[in-house]
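Below is one structure; the comments refer to it alone.
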């Protein structure tokens, strides 16, 4: 009689724990939608203005259209490996990874890519190809407001490598 209750309870517990470890994504907030829209529109001034004060050097490079930074964020032409390429394929799916108490890296996946990548690796986050499948943007929280810290350059850093 005890077996009849223990095994179903164990099975339910395993299923619940499996669900808890499966990466889940979310839609962008209104503020994120505006920021990503500015990147898609190649509006470097708006993107630079949305950046955290600690990122003033990167914001200045963005305003001055530094060629290396511009290529990574905006791309040179449609389909380039860039942050903009990912953002131009909505609906977007976002996954947040905490980077401490007031910081996070948000992985932004292009339409359908999150589910396709996670199907192959359901228990850990699979990123795919940077600038094609996902963009990675680092945010910091200042006075309760999240600010972009890196112009989404984390997309091409070693910490945002594909899985």
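The values are calculated or read from the model by the stated rules, or taken from the named source; none is laboratory data. Everything quoted here is computed from the prediction, not taken from an experiment. When we count neighbours, we look across all protein chains shown, and the Cβ atoms used for this are built from the backbone with ideal geometry, even at glycine.
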Residues located in region 18-36, provided they are modelled with pLDDT under 95 and in a helix (DSSP H, G or I): 18, 19, 20, 21
Going by the structure shown, is residue 54 at pLDDT 95 or above and farther than 19 Å from residue 36 by Cβ? yes
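Does residue 54 qualify as being within 21 Å of residue 145 (Cβ to Cβ), surrounded by fewer than 18 Cβ atoms within 10 Å (Cβ to Cβ) and in contact (Cβ under 8 Å) with a residue 60 or more places away in the chain?
Details: within 21 Å of residue 145 (Cβ to Cβ): yes; surrounded by fewer than 18 Cβ atoms within 10 Å (Cβ to Cβ): yes; in contact (Cβ under 8 Å) with a residue 60 or more places away in the chain: yes.
So residue 54 fits the description; yes.
Residues of region 39-51 being part of a helix (DSSP H, G or I) and under 15 Å from residue 146 (Cβ atoms), which ones?
Our first condition is that a residue be part of a helix (DSSP H, G or I); within region 39-51, this holds for 39-40, 44-49.
Across region 39-51, the qualifying residues are 47, 49.
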